[in-house]
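Let me begin by presenting the structure, written as structure tokens, before commenting on it.
The values are calculated or read from the model by the stated rules, or taken from the named source; none is laboratory data. Predicted, not measured: the structure shown is a model, and the values here were computed from it. Every residue, glycine as well, gets a Cβ built from its backbone with ideal geometry; the counts of neighbours run over all protein chains shown. Only protein heavy atoms, including side chains, enter the accessible area calculation; ligands, DNA and RNA are left aside. Shrake-Rupley method; radii C 1.70, N 1.55, O 1.52, S 1.80 Å.
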Amino acid sequence: MALDIPLIDFQELGLVIHLFPKLALVHPNCIILAISPANQDIATSDAIKLARDVDPSGERTFGVLTKLDLMDKGTNAVDVLEGRAYRLQQPWVGIVNRSQADINKNVDMILARRKEREYFETSPDYGHLASRMGSEYLAKLLSEHLELVIRQRIPSIIALINKTIDGLNAELDRIGRPIATDGGAQLYMILELCRAFDRVFKEHLDGGRPGGDRIFGVFDNQLPAALKKLPFDRYLSLKNVQKVVTEADGYQPHLIAPEQGYRRLIDGAIGYFKGPAEASVDAVHYVLKELVRKSIAETQELKRFPSLQTDIATAANESLEKFRDESRKTVLRLVEMESSYLTADFFRKLNAEPEKNLNPSDKKKNAEPAKNPNQSGHTGDRLNESYLRRIGSNVNAYIAMVCDTLRNTIPKAVVYCQVKEAKRSLLTNFYAQVGSRE
């Protein structure tokens, strides 16, 4: 990997030596040529002093000795050229430039270099150094050194280039990359930005980012707490049970267990579950809306497009509203299904164990009449108190069974109708709208 260095008249570079120190300090990788005339004391050379200041170790300094042919007779610069008078890590090279007469005669550089070679080859003082002297040798020496330096610096240069590229890419991401002008490319870009938002949104739901755990909290804490607060104690009080059972058959007294009374009590109690069911739907809807907002804010690609952020938020929230409506219908159907068809086996088991749900005091009071829930329970013209308590207790046990069922099925319905749909088709309608504009 030899580098071609043009032939230079180093005599014409005499002024440069006074300018290079600042350059060398700014660019520590540059090569220093300390050019000194041979007919002056090397110890007082300005070039050597300046080179020592900017390159104390001497690793980058090449000594160049000029005007060898102008030294007084009987003197030479062999001690300098062989490194004894002043040692450098790099070699000294002797140079014979054109004389003023040569310049006046317009002697070209090629001829000057030939005369320089002849001088060293025929010189009694420098003949043994001829192969390491002259401008051509200096050019070759500098080329080889430059090649070595470049090879050593390539890894750091590559690292610097890569760091610069990364910095520029980061800056582009911050200020925004060029926006395509044709419709197809713009549509592709919008879809890519939407997909970036969708990835962040799904990470919130699936656990890669925080937030999805709040949906679990709705089912694990909020729903059970709401179910426990339902006023079944008040609804199944002795007074209300008597009222509902008495009104169930109208003016006709019931002949066997008051089935209509049971059904009305159960139906009324089950109606209380609609509140917690709808509250769960709304709570999950609120969490999903908040995750949409956070996901838009966290999608780096969207930061430079506020209008698109607004459009995505609007479209996502419209979808969430539809999912909430469907989820509400589904959970209310679950509640209504519980009251539309009762589990008969539950009451058959009660008939087999008539005393199971009675307190000891109730059993004592009811030792004689109405041991079986299918019996009338009348004492004269009035409903027996223990009989009414047994009805309330039976209904309460049945409602507890329904409560356990709904505690499991409501979360399933909400996840299916809202969370799963949000993951699957949150922006489906938006994609269709964007596509229809093209």
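Of the accessible area of region 300-353, computed with a 1.4 Å probe over protein heavy atoms only, carbon and sulfur atoms account for 51 percent.
May I ask you to give the average projected area over all directions of the convex hull of the Cα atoms of region 182-321, in nm² rounded to one decimal? Display every interim value, and only then the final one.
Details: hull surface 52.5 nm².
Quarter of the Cα hull surface area: 13.1 nm².
Here r is the Cβ-Cβ distance between residue 234 and residue 329 and R0 is 25 Å; the resulting FRET efficiency, rounded to 0.05, is 0.30.
Ignoring ligands, DNA and RNA, what percent of the accessible area of region 43-157 is carbon or sulfur (1.4 Å)? Kindly include the intermediate steps, with their values, before the conclusion.
On the way: 3270 of 6470 Å².
Exposed carbon and sulfur together represent 51 percent of the surface.
Multiplying the residue separation of residue 397 and residue 158 by 0.36 nm and removing their Cα-Cα distance gives an extension gain of 78.3 nm.
Put a dot 7 Å past the Cα of residue 49, heading toward its Cβ, do the same for residue 344, and the two dots end up 12.0 nm apart. Based on protein heavy atoms only, region 222-339 ends up with 53 Å² per residue of surface accessible to a 1.4 Å probe. Using a probe of 1.4 Å on the protein chains alone, the accessible area found for residue 345 is around 90 Å². Computed in the context of the full set of protein chains, the accessible area of region 171-286 at 1.4 Å probe radius has 55% of its extent on carbon or sulfur.
Could you list the trypsin sites (Lys or Arg not before Pro) in region 202-286 that lie in coil according to DSSP, counting only those with at most 11 other Cβ atoms within 10 Å of their Cβ? It would help to have the intermediate numbers written out before the result.
Values: sites: 202, 214, 228, 229, 234, 239, 243, 263, 264, 274; in loops: 229.
Those satisfying the criteria are 229.
Applying the Karplus relation 6.51 cos²θ - 1.76 cosθ + 1.60 with θ = phi - 60° to region 77-84 yields 3J(HN,Hα) values of 10, 4, 4, 6, 5, 8, x, 8 Hz, where x marks Gly and Pro. This model, with +1 at the C-beta of Lys and Arg and -1 at the C-beta of Asp and Glu, gives region 14-160 a dipole about its Cα centre of some 280 debye.
When the chain is fully extended, how far beyond the present Cα-Cα distance does residue 99 get from residue 298, taking 0.36 nm per residue of separation? Working shown, then result.
Values: separation 199, 0.36 × 199 = 71.64 nm, distance 7.41 nm.
Extra length from residue 99 to residue 298 when fully extended: 64.2 nm.
Quick one: ranking 117, 87, 199, 98 by accessible area, 1.4 Å probe, largest first, what do you get?
On the way: 117 100, 87 185, 199 130, 98 35 Å².
Listed by decreasing accessible area, they come as 87, 199, 117, 98.
Using a cut-off of 20 Å between alpha-carbon atoms, which aspartates and glutamates can reach residue 274, once sequence neighbours fewer than 8 places away in the same chain are excluded? Candidates past the 8-residue exclusion: 220, 233, 282, 321, 325, 326, 336, 338, 404. Along the axis of the charge dipole computed for region 233-308 (Cβ charges of +1 for Lys and Arg, -1 for Asp and Glu, origin at the Cα centre), the listed residues 275, 240, 287 are led at the positive end by 287. Protection proxy ranking for 107-114, 335-342, using the average of other Cβ atoms within 10 Å per residue and placing the highest first: 335-342, 107-114.
Pairs from the list 73/115; 163/202; 294/412 with a Cα-Cα gap above 27 Å: 163/202.
Here residue 423 is the anchor, and the aspartates and glutamates within straight C-alpha reach of less than 13 Å, apart from those fewer than 8 places off in the same chain, are 198, 203, 206. Fully extending the segment from residue 424 to residue 264 would add 53.5 nm, taking 0.36 nm per residue of separation and subtracting the current Cα-Cα distance. Among 235, 286, 86, the sequence by solvent-accessible area, most first, with a 1.4 Å probe is 286, 86, 235. Per residue, the solvent-accessible area of region 14-160 (1.4 Å probe, heavy atoms of protein chains only, all protein chains present) comes to 58 Å².
Can you work out the base-10 log of I(q)/I(0) for region 71-124 at q = 0.25 1/Å, using the Debye formula on its C-alpha atoms alone? Listed by q, the Debye log ratios stand at -1.03.
Shown are 417, 30, whose ranking by accessible area with a 1.4 Å probe and every protein chain present, most to least, is 30, 417.
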